Amino acid sequence: MDTIVSLCKRRGFVFPGSEIYGGIGGFWDYGPLGIELKNNIKRNWWRAMTQLRDDVVGIETAIVMNPRVWQASGHVDTFADPMSDCKDCKRRFRTDDIAVSDNGDRSCPECGGELTEARMFNLMFRTYVGPVDLESELTSLMQGMLEETLGTGSYDRHARIKRLKEELDRATVYLRPETAQGMFVNFDNVLTTTRRKLPFGIAQIGRSFRNEITPGNFIFRDREFEMMEMEYFVRPGTDEEWHDRWIEERFNWWLGLGVRKENLRVREHAKEELSHYSTRTVDIEYDFPFAGFSEIEGIANRTDFDLKKHAEWAGRTLQYFDEATGQQVVPYVIEPAMGIDRCFLTVLIDCYAEEEVKGEKRVVLRLSPDLAPVKVAVLPLSRNEQLAPASRKVWDMLRPHFVTQFDDAQSIGRRYRRQDEIGTPYCVTVDFETLKDEAVTIRDRDEMEQVRIPISNLVSALRENLDAS
Ligand code: GAP
């Protein structure tokens, strides 16, 4: 893991959030290569889930929603983790992350100290909509309390606290902890505007926020992250069959991404693990070096829970008219849900390899060309006045077609290694022969084989290679 974190920092994949201020736990910034890889993952998912299917449409909904959404969905009451504090070192932990000893107790994993009773902590971030000046109100209240203690102030603070609390409650909204609710509250809008028939799905990619008690393991557990979720609406009674189909579909998507099968597995949730809305959930797990098999995607049968709850809370009917039976039905929902950041980490770990080439260590990211942040690097054999114009010309020609890099610093061998390390599938070398024969060398990342190609065929040859691999 340290190797991956250091590669990410050194090569501009991922930086600690607000790093110059010492960072902030659970928030990360994606660098120039990171954003390319992330976009490629998103594009791949979007294509598989919407473009290539005739039964799924995409939407994008607001991060901040009417707070009643989260009351209806059950998140205000139940989206919480148990938290314990160490009485000695004062550190805070997610209780169920702490191992239970033989005598059934839990003690502080840092200093062995005694822990407080577990308290439930709601993971939703709260903020306020509108001009709520919480800070100055609180300051003036505290001033009032001080004056009261000294016997000089007015005694109206209870009324003011009550008013402030009411104002805050009215203005409180949540940063969404999942994108799913955006799909449920737009069920009717999508149904009417697209005239879909069951079964059909609504997909979304977007940011989610969870005030995790213990974020960590790099970008595995964040407080701000991106999700890709799809709500697939089906006739009640067909839900179990569709659930199985989606589990298979999603597992194959991970394989198609290039993740090795032996590092993936499917795990059934035990009854006591199930979310409040689910009758069955299956996780796709990856064998992470730091934690063993851990969840990278969940595929849940959410039943008709969400549509029914929103219908109840919003006072609307959220139903589908089944022409075959002439009846209104509330569809059941199968939901594949995954985090992009966790997928990003999975792909990096799975593709990372170290090998020996001619007695030297070579680090190579064996990313599929579809995911590779840079597709082609243009490398003049050496930094030279004669080669510079020809190399620039080749680079200018490739830029409209591929994400490229140009590198003329240090030896050609070092530059190949730099490109291998970020997973660039092809390097194009411009040498002195190029000035005579108008041809260049393409070197491929995995086999390190080199072939000579006329510049006039370069774009099509690279495209063919990228599509074929
Ligand atoms: N709508 C269903 C849902 O939110 P979840 O299992 O809580 O289900 C789905 O989350 C996926 O989102 C997980 O499989 C994981 O990939 C990702 N995820 C969840 N919490 C995360 C966090 N704190 N940081 C990064 N990714 C997270």
Problem - All positions within the stretch 330-357 that are in contact (Cβ under 8 Å) with a residue 40 or more places away in the chain and outside any helix (DSSP H, G or I) - result: 330, 331, 332, 333, 334, 335, 336, 337, 338, 339, 352, 357
Exercise for the section: Starting from residues that are at pLDDT 95 or above and among the small types (Gly, Ala, Ser), keep the ones in the stretch 327-364 and report whichever is farthest from the ligand (Cβ to nearest atom). Expected result: 353
Exercise for the section: Please indicate, with yes or no, whether at least one residue in the stretch 65-84 is surrounded by 12 or more Cβ atoms within 10 Å (Cβ to Cβ) and touching a Gly at 6+ places or on another chain (Cβ under 6 Å). Expected result: no
Practice task
For residue 435, state whether it is in a helix (DSSP H, G or I), closer than 30 Å to residue 9 by Cα and aliphatic (A, V, I, L, M).
Solution key: no
Exercise for the section: Starting from residues that are within 38 Å of the chain's Cα centre (by Cα) and free of Cβ contacts under 8 Å to residues at least 24 places away in the same chain, keep the ones in the stretch 419-443 and report whichever is surrounded by the fewest Cβ atoms within 10 Å (Cβ to Cβ). Expected result: 441
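Test of understanding: among 252, 217, which residue is of a type outside the set (A, V, I, L, M) and touching a residue at least 24 places away in the same chain (Cβ under 8 Å)? Reasoning before the result, please.
Numbers: 252 fails: touching a residue at least 24 places away in the same chain (Cβ under 8 Å).
None of the other options fit; the residue is 217.
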Exercise for the section: Kindly indicate which of 139, 149, 116, 127 is closer than 26 Å to residue 224 by Cα, surrounded by fewer than 14 Cβ atoms within 10 Å (Cβ to Cβ) and either at pLDDT below 90 or of a type in the set (Ser, Thr, Tyr) (or both). Expected result: 127
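Within the stretch 10-31, is even one residue closer than 28 Å to residue 275 by Cα and acidic (Asp, Glu)?
If we filter the stretch 10-31 for residues that are closer than 28 Å to residue 275 by Cα, which is where we start, we get 25-28.
With acidic (Asp, Glu) added as a condition, the list becomes none.
No; the residues of the stretch 10-31 include none that is closer than 28 Å to residue 275 by Cα and acidic (Asp, Glu).
Scan the stretch 343-358 and tell me whether some residue there is among the aliphatic types (A, V, I, L, M), surrounded by fewer than 22 Cβ atoms within 10 Å (Cβ to Cβ) and within 14 Å of residue 250 (Cβ to Cβ).
The first filter runs over the stretch 343-358 and keeps only residues among the aliphatic types (A, V, I, L, M), leaving 345, 347-349, 353, 357.
Still in the list and also surrounded by fewer than 22 Cβ atoms within 10 Å (Cβ to Cβ): 349, 353, 357.
From what is left, the residues that are within 14 Å of residue 250 (Cβ to Cβ) are none.
Taking every residue of the stretch 343-358 in turn, none turns out to be among the aliphatic types (A, V, I, L, M), surrounded by fewer than 22 Cβ atoms within 10 Å (Cβ to Cβ) and within 14 Å of residue 250 (Cβ to Cβ).
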Practice task
Kindly provide the set of residues from the stretch 219-253 that are away from the ligand (no atom under 13 Å from the Cβ) and in a loop (DSSP other than H, G, I, E, B), ordered by number.
Solution key: 235, 236, 237, 238
Practice task
Evaluate the stretch 401-408: report whether one residue or more is aromatic (Phe, Trp, Tyr), surrounded by 14 or more Cβ atoms within 10 Å (Cβ to Cβ) and part of a loop (DSSP other than H, G, I, E, B).
Solution key: yes
Fill in the blank from the handout: Scanning the stretch 162-189 for residues that are of a type in the set (A, V, I, L, M), surrounded by 15 or more Cβ atoms within 10 Å (Cβ to Cβ) and more than 16 Å from the ligand (Cβ to nearest atom), the one modelled with the highest pLDDT turns out to be 173
Exercise for the section: Kindly indicate the residue of the stretch 190-218 that is crowded, with 16+ Cβ neighbours inside 10 Å and more than 22 Å from the chain's Cα centre (by Cα) and also modelled with the lowest pLDDT among those meeting that condition. Expected result: 196
Practice task
Can you confirm whether the stretch 254-270 contains a residue that is in a strand (DSSP E or B), among the aliphatic types (A, V, I, L, M) and loosely packed, with under 15 Cβ neighbours inside 10 Å?
Solution key: yes
Handout entry: Residues being within 16 Å of the ligand (Cβ to nearest atom), out of contact with any Ser or Thr (no Cβ under 8 Å at 6 or more places or on another chain) and either assigned to a strand (DSSP E or B) or on the phi > 0 side of the Ramachandran plot (or both) - total across the stretch 295-316
Key = 2
Handout entry: Selection from the stretch 90-135 of residues that are free of Cβ contacts under 8 Å to residues at least 12 places away in the same chain and under 21 Å from residue 25 (Cα atoms)
Key = 90
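Output the residue which, of all residues in the stretch 97-108 that are of a type outside the set (Ser, Thr, Tyr) and surrounded by 14 or more Cβ atoms within 10 Å (Cβ to Cβ), is nearest to the chain's Cα centre (by Cα).
97
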Practice task
Identify the residue in the stretch 196-209 that is in contact with a strand residue (DSSP E or B) (Cβ under 8 Å, 6 or more places away or on another chain) and in a loop (DSSP other than H, G, I, E, B) and, among all such residues, is farthest from residue 283 (Cα to Cα).
Solution key: 196
Exercise for the section: Using the structure shown, decide if residue 374 is at negative phi, crowded, with 16+ Cβ neighbours inside 10 Å, in a loop (DSSP other than H, G, I, E, B) and of a type outside the set (Gly, Ala, Ser). Expected result: yes
Handout entry: Any hit, the stretch 268-276, residues being within 14 Å of the ligand (Cβ to nearest atom) and under 25 Å from residue 1 (Cβ atoms)
Key = no
Practice task
Hey, could you check the stretch 278-287 for residues that are crowded, with 21+ Cβ neighbours inside 10 Å and more than 9 Å from the ligand (Cβ to nearest atom) and say which is farthest from residue 235 (Cα to Cα)?
Solution key: 286
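The values are calculated or read from the model by the stated rules, or taken from the named source; none is laboratory data. Only a predicted model underlies this, so the values are computations on that prediction, with no experimental measurement involved. Don't worry about glycine lacking a Cβ; one is built from the backbone with ideal geometry, like all the others, and counts go over all protein chains shown.
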